[in-house]
Ligand code: FES
Ligand code: MG
């Protein structure tokens, strides 16, 4: 370890060292908690931002894991300070955790700023917790390590491996089609989530922790370790030990999250068959680090990066547990060969690509070679046209190829409630060619861009044996979803994006190879409709929602608050003590 800081230069020393009344208060109150001066003198203070709560099943092991982190911090000569942060359970938080991702980002940044902290371990994993924690910590700029929660074990029911989310959607369609019984449905309910950890498909959680690792923000290999594996305890203690050294080395995130690191993160995301949500979070995270990532960059990298992780929902069989046994994310990086930029370093202080030559791929059906990909291009495509001037996204690998070029009449719902009545009402004109549209479900309209984009299949089509159709919305969809769902249409309908002007019966044309999305309506007709469009009333008159609607940016810009962008305004000063 190369020590670049003395104890007196540490941030926490400003709180703990001076011979004045303020510092007397900090020391006497630390002693109130039972500590002696030997517990803190000469030691960096390490924050552990813990997103554990009774409402967060994906992080229920964090109550235990935090003790392993503390142990590591103590072993390396640091002083651990656990600080609870918003737990953002994907299941329980309504209308959507996306409404609160930026709240967690603000909380993370300000927790680190306002306390006597020198470095941090961020404990997250359930979808929005990863970007929320990372965005805040990037803006604060102290050395930090991200500790991924790890995926839960494979689901298990009736001799089958069940995948989070993905199989819930799949079997619900079967239940609605009347092909499985109530008892079978209850069996699935008890078997689909059978250990702690985040969703074990390649959904948003697994994608985001992989992205954090590829950006250099976790210990090498950390993101693939199943939550229930003893290796997860060991990794937690290692995070504690390593962050203390990082503080002495002054290894700050600006040295790690460079343009090369962001490019590596995008490449790895594409190769995993990543969640569409990742696009929004990648843009937001990169921009917090001062890297101006655009949708077009994602499409460019996507076009030259095949999907090689054969994990559901892009793959058809395997889950994250299989991915770990096959070698995990390090093995996937090895398979990517020269596609990764070797100039990027990780929290280890060493290049991301160092040691990849020694990594083994134990199952090359799970982690495929570039010569035998799951899908020939990256998992996401960006579509532009008169319906989405600022872009929309689709996951071509997760939909039936017959929809890659499609023309069909729109059936438009203005709200989720309306959509629910439309889909099962025989009155509405529905054919397999219909493009089912949900609007006013974007960042402002949702509000918070809920995961409504995998619009349920209409009963009438399910009964015909169909399981996919083209769906279009300004919402997001769960990373565990699948189907021909065009999402994140920007600008959203609620702020007057052209999606607001689409009418039932208009022909929508989707062309994935040419990356276009259009309504076949003349420009004259569109401008006529624009003249009669009236902006809807604001969603909130007070509270957090009010702040949210004043400052939230559109999906193509990462849905950050304008004032949280690192380049917004002058740097925030260190707090006066
Ligand atoms: Fe937490 Fe899926 S519900 S990761
Ligand atoms: Mg999810």
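The values are calculated or read from the model by the stated rules, or taken from the named source; none is laboratory data. Remember, it's a predicted structure, so these values are computed and weren't measured experimentally. Cβ atoms come from the backbone with ideal geometry, glycine included; neighbour counts cover every protein chain shown.
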Quiz prompt | Residue in segment 41-63 that is more than 16 Å from ligand 2 (Cβ to nearest atom), surrounded by fewer than 18 Cβ atoms within 10 Å (Cβ to Cβ) and either at pLDDT below 95 or over 31 Å from the mean Cα position of the chain (by Cα) (or both) present | solution = yes
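Kindly evaluate residue 193 against the criterion of being within 16 Å of ligand 1 (Cβ to nearest atom) and either touching a helix residue (DSSP H, G or I) at 6+ places or on another chain (Cβ under 6 Å) or part of a loop (DSSP other than H, G, I, E, B) (or both).
yes
Per-residue answers, yes or no, for (1) within 16 Å of ligand 2 (Cβ to nearest atom); (2) under 21 Å from residue 56 (Cα atoms); (3) surrounded by fewer than 24 Cβ atoms within 10 Å (Cβ to Cβ):
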residue	(1), (2), (3)
108	no, yes, no
117	no, no, no
138	no, no, no
144	no, no, no
148	yes, yes, no
152	yes, yes, no
158	no, no, yes
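To keep it simple, each residue is scored yes or no on (1) surrounded by fewer than 24 Cβ atoms within 10 Å (Cβ to Cβ); (2) within 23 Å of residue 215 (Cα to Cα); (3) in the same structural domain as residue 208 (by the TED database); (4) away from ligand 1 (no atom under 16 Å from the Cβ).
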| site | (1), (2), (3), (4) |
| --- | --- |
| 71 | yes, no, yes, yes |
| 93 | yes, no, yes, no |
| 98 | no, yes, yes, no |
| 127 | no, yes, yes, no |
| 130 | no, yes, yes, no |
- Condition test on residue 346, is it over 30 Å from residue 100 (Cβ atoms) and outside the structural domain of residue 443 (by the TED database)? no
When (1) assigned by the TED database to the domain that holds residue 212; (2) more than 16 Å from ligand 1 (Cβ to nearest atom); (3) more than 17 Å from residue 223 (Cβ to Cβ) are applied to residue 178, the one that fails is (1)
Going through segment 474-496 in order, the residues found to be more than 16 Å from ligand 2 (Cβ to nearest atom), over 21 Å from residue 168 (Cα atoms) and surrounded by 23 or more Cβ atoms within 10 Å (Cβ to Cβ) are 474, 489, 490, 492, 493, 494
Scanning segment 406-450 residue by residue, the ones that are surrounded by fewer than 16 Cβ atoms within 10 Å (Cβ to Cβ) and under 30 Å from the mean Cα position of the chain (by Cα) total 4
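Which residue, of 93, 17, is free of Cβ contacts under 8 Å to residues at least 60 places away in the same chain and closer than 30 Å to residue 152 by Cα? So that I can check it myself, show each step before the final result.
Values: 17 fails: closer than 30 Å to residue 152 by Cα.
Of the residues listed, the single one that is free of Cβ contacts under 8 Å to residues at least 60 places away in the same chain and closer than 30 Å to residue 152 by Cα is 93.
Does segment 152-164 contain at least one residue that is closer than 30 Å to residue 112 by Cβ and either without any contact (Cβ under 8 Å) to a residue 12 or more places away in the chain or under 25 Å from the mean Cα position of the chain (by Cα) (or both)? Reasoning before the result, please.
Step one: list which residues in segment 152-164 are closer than 30 Å to residue 112 by Cβ, which gives 152.
Within this subset, residues satisfying the condition of being either without any contact (Cβ under 8 Å) to a residue 12 or more places away in the chain or under 25 Å from the mean Cα position of the chain (by Cα) (or both) are 152.
Yes, the conditions are met somewhere in segment 152-164.
Let's see how each residue does on (1) out of contact with any strand residue (DSSP E or B) (no Cβ under 7 Å at 6 or more places or on another chain); (2) under 19 Å from residue 248 (Cβ atoms):
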residue	(1), (2)
16	yes, yes
19	yes, no
30	yes, no
38	yes, yes
41	yes, yes
48	no, yes
53	yes, no
63	yes, no
73	no, yes
Of the residues in segment 75-93, those that are in contact with a strand residue (DSSP E or B) (Cβ under 8 Å, 6 or more places away or on another chain) and closer than 15 Å to residue 247 by Cα come to 78, 79, 80, 81
